[in-house]
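Right, one structure below, let's go through it.
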Amino acid sequence: GIHGVDSNANFAVECALMRPANRDITVQIPAGQFSDAAGNPNPASDPFLITMDQTPPTVAVSIYEADGVTTIADGGTTGSRAVIFKLVASEHIVSVDTASGVGLNGLVVGDITIGSATGEACTNKKFWGWKDTYYVRCDWTNGVTAKVSIAADKAQDLAGNTCATCLAAVSVTFT
């Protein structure tokens, strides 16, 4: 209902909605619900749509050899000159760390974690992508495991829902 009126005769509408997550809510004021100081009734308002999004994004990964076609299983091996990790999010995601403004359009390379244990690396790392699809390319280094993940709370959707466990580590070992 009407919550209050300020000195300029503006009013605020306050409502508490107990609805499931991810719903569209339409607010509209029918004609004749109030009148101005001269007694003229209000016309019907245009519908105002609010989309409620409370679902965190998820990320799936596919791993390819350098040709971009031949797939490699997580934990597999390859003799290809490079591997390409294709990260596909369930929706447009951006970097949580947007203080510099860089992550406002999507993820930044710092959001991607590259394995750093003994024998893990991403030689000549290349990172690109936008909105919901990102790529990490690692060049071949014999015996090295290329491991990629997105750390907890590094990515969020446009509604601000953070990806708590966005992408667990996936890896390929070069042979």
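The values are calculated or read from the model by the stated rules, or taken from the named source; none is laboratory data. Because the structure is a prediction, the values reported are computed rather than measured. Positions of Cβ are generated from backbone atoms using ideal geometry, with glycine treated the same way; all protein chains shown enter the neighbour counts. Protein only, heavy atoms only, side chains kept; ligands, DNA and RNA dropped before computing areas. Shrake-Rupley method; radii C 1.70, N 1.55, O 1.52, S 1.80 Å.
When segment 140-160 is examined, which residues are found to be part of a loop (DSSP other than H, G, I, E, B) and either free of Cβ contacts under 8 Å to residues at least 60 places away in the same chain or β-branched (Val, Ile, Thr) (or both)?
141, 142, 143, 144, 151, 152, 153, 154, 160 - these are the residues of segment 140-160 that are part of a loop (DSSP other than H, G, I, E, B) and either free of Cβ contacts under 8 Å to residues at least 60 places away in the same chain or β-branched (Val, Ile, Thr) (or both).
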Of the residues in segment 161-175, those that are part of a strand (DSSP E or B), over 17 Å from residue 79 (Cα atoms) and open to solvent by less than 60 Å² (accessible area, probe 1.4 Å) come to 162, 167, 169, 170
Selection over segment 28-52 where residues are open to solvent by 90 Å² or more (accessible area, probe 1.4 Å), modelled with pLDDT of 85 or more and aliphatic (A, V, I, L, M) yields a count of 1
Going through segment 140-160 one residue at a time, which ones are over 11 Å from residue 115 (Cβ atoms) and open to solvent by less than 30 Å² (accessible area, probe 1.4 Å)? 150, 155, 157
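Any residue at all in segment 105-121 that's closer than 21 Å to residue 55 by Cα and open to solvent by 40 Å² or more (accessible area, probe 1.4 Å)?
Yes, the conditions are met somewhere in segment 105-121.
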I'm told residue 55 meets every condition in (1) hydroxyl-bearing (Ser, Thr, Tyr); (2) outside any strand (DSSP E or B); (3) more than 19 Å from residue 162 (Cβ to Cβ) except one. Can you identify the failing condition by its number? (3)
Filter segment 124-139 for residues that are within 30 Å of residue 52 (Cβ to Cβ) and outside any loop (DSSP other than H, G, I, E, B); which is most open to solvent (accessible area, probe 1.4 Å)? 130
